[in-house]
1. Using a Gaussian network model of chain A whose springs link C-alpha atoms within less than 10 Å, name the residue from A:Ala51, A:Ala78, A:Ala18 with the highest mean-square fluctuation.
2. Treat every Asp and Glu Cβ in chain B as -1 and every Lys and Arg Cβ as +1, leave all other atoms uncharged, and give the resulting dipole magnitude about the Cα centre to the nearest 20 debye.
3. With point charges of +1 on the Cβ of Lys and Arg and -1 on the Cβ of Asp and Glu, referenced to the Cα centre of the stretch A:78-150, which listed residue (A:His142, A:Val86, A:Phe130) lies farthest in the positive direction of the dipole?
4. How well do other chains shield peptide A:39-50, expressed as the mean number of their Cβ atoms within 10 Å of each residue Cβ?
5. In debye, nearest 20: dipole of the stretch B:42-173 around its Cα centre with unit charges on the Cβ of K, R (+) and D, E (-)?
6. Do any GluC sites (Glu not before Pro) in the stretch A:2-58 lie in a DSSP loop with no more than 11 other beta carbon atoms within 10 Å, and if so, which?
7. Taking the mean number of other Cβ atoms within 10 Å as a proxy for protection, how do you rank B:173-186, A:117-130, B:156-169 from highest to lowest?
8. Among the lysines, which fall within straight-line cross-link reach of B:Lys258, defined as a Cα-Cα distance under 20 Å, with same-chain neighbours fewer than 8 residues apart omitted?
Amino acid sequence: MENRVLIAIDLSENSLKAVDYVGRVLSCHQDTRITLLNVIKEPSSDLVPDAGERHRQVEELRAETLKRMEEAAGRLIALGMPEQSVRLKVQVCSMPVSVTDLILKEVREGGYSTVVVGRRGVSKREEFLFGSVSSKVVREAHQCTVWVVV
Amino acid sequence: MNEAEVRERIGSFTRFPPRGKLNIVSDTTEFMSIKADDVLEFNGGYYLVRGEEVEGRFGLDGEPKYWVKRAIDLSDGTSKIIKLVFHESFLMQLGSLQIQCFRSPIKEARILDKTHDDMRFMQGFNVKDTAGNAVRIIDRIQGSRYYDYIHNLDIDHETYYYQVFPKVFDSILGAFQAINDLHHMGELHGDIRNDHILIARSTSKYTWIDFDYTYDWSENFFGVDLYGLGNILLFTVGKGFHTIPDLNACGPEGIKMKQCLTQADLSLFFKHRIVNLQKLFPYISDSLNLALMHFGQEADVFYEHTDELLSDLRACEADLPR
């Protein structure tokens, strides 16, 4: 049976560490399908009221994100993952939703058995104010394995 | 209305009408040049400007807010606060952290609409001036700021806790519930401070003001508001904030008390601020103190939603002195 792994990345160095780790560990498991997921948050309409400008910013971000994700996919392939086993997914959200909720929705709907996140190492104060995707994924994930790469 | 009619209205609502030619302004883009005695005109409504609001914070006089005018509604003589469009971005200090904050007139206008007729929030309406600026016309609340009310109570903490606090706590719970309702509408207050609650003189009701701060999204959408609610809770339970320097100033008794404190007793955001108030005031209930400790340096679990905070605080009600 195909083993599905979701790597949630934000294109930070830590996310790329997570990609490298998964590549090293899973390259010997050729029946694994890896999806790289990135969530782009559309700027708030309170900050960027013009819809055209918001769209332009999102498209700029999407192009940059896809470029970085292709680099990340290249790292997996270089580590031995078959090219056809690596997929890219970019999700744009226009509402202030939790990235964790989107990741876990993807895990459920995509039938993934493992979700991988990097950890930025935020302080307690930052976690209070801004939250932490990795902490929330660990706390709220069900019926899947969570790998946190620090 | 022509100028003579406007002038007649002014005469009926003020003892000191402006002399000379009236300056009637309908494009407020250049708000710095709008002065006292000018008249603002929006959609046939006329407002006599009396001056600017001042950023008065914690008993200090601050800078005039040139985009916020004090005015008289010339249709009925009521006092209004007129907020004009001013965009700015700045770093807001949250304890030892800074975040990028933006002033958003459209956010405040939207909240005014959503909370219309809900007296837990400031009331008013939105109009566009001739240049399309989103102007907010807000009813002035006659009353005192929550900060001043608590700060000016001339009683010791124990008397406060047993005689005044239960009623204050009820009111603060109502104010927190209002923020929770705002969150359920998908909105943030954005600048929750103990001087952004006004207590109306006529009704003693607590009213939230000023909703124009906003931020970029983060994973914890309500984090900044919860930070503010935590500060207000601590201020309310303690009848003000209590710090290590305060204890140092209390002589040997204060020094002895300080020696009983550990890092866990201090605020997550303000390193000298004491959150474990039970150590200072042993009669504070365990349940209430536990809620305060969620804002401490060694808290393992933080509130992520106002529902959670409210649920804990409602559980404290049974332990209040009655």
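Laboratory data are not the source of any read-out in this text; all were calculated from the coordinates shown. From a predicted model like this one, the values you see are computed outputs, not experimental measurements. For neighbour counting, all protein chains shown are included, and Cβ atoms are generated from backbone atoms with ideal geometry for every residue, glycine included.
1. A:Ala51
2. Working: 34 positive and 48 negative charges, 180 e Å.
Charge dipole of chain B: 860 debye, to the nearest 20.
3. The one lying farthest along the dipole's positive direction is A:Phe130.
4. Working: counts 0, 0, 3, 1, 2, 7, 4, 16, 11, 1, 6, 0.
Taking the mean over all residues of the peptide, I get 4.
5. Working: 17 positive and 19 negative charges, 112 e Å.
Charge dipole of the stretch B:42-173: 540 debye, to the nearest 20.
6. Passing both the DSSP loop test and the Cβ count: A:Glu2.
7. Details: B:173-186: 17.3, A:117-130: 18.8, B:156-169: 15.6.
Most protected by this proxy first, the peptides run A:117-130, B:173-186, B:156-169.
8. Partners within reach: B:Lys239, B:Lys271, B:Lys279.
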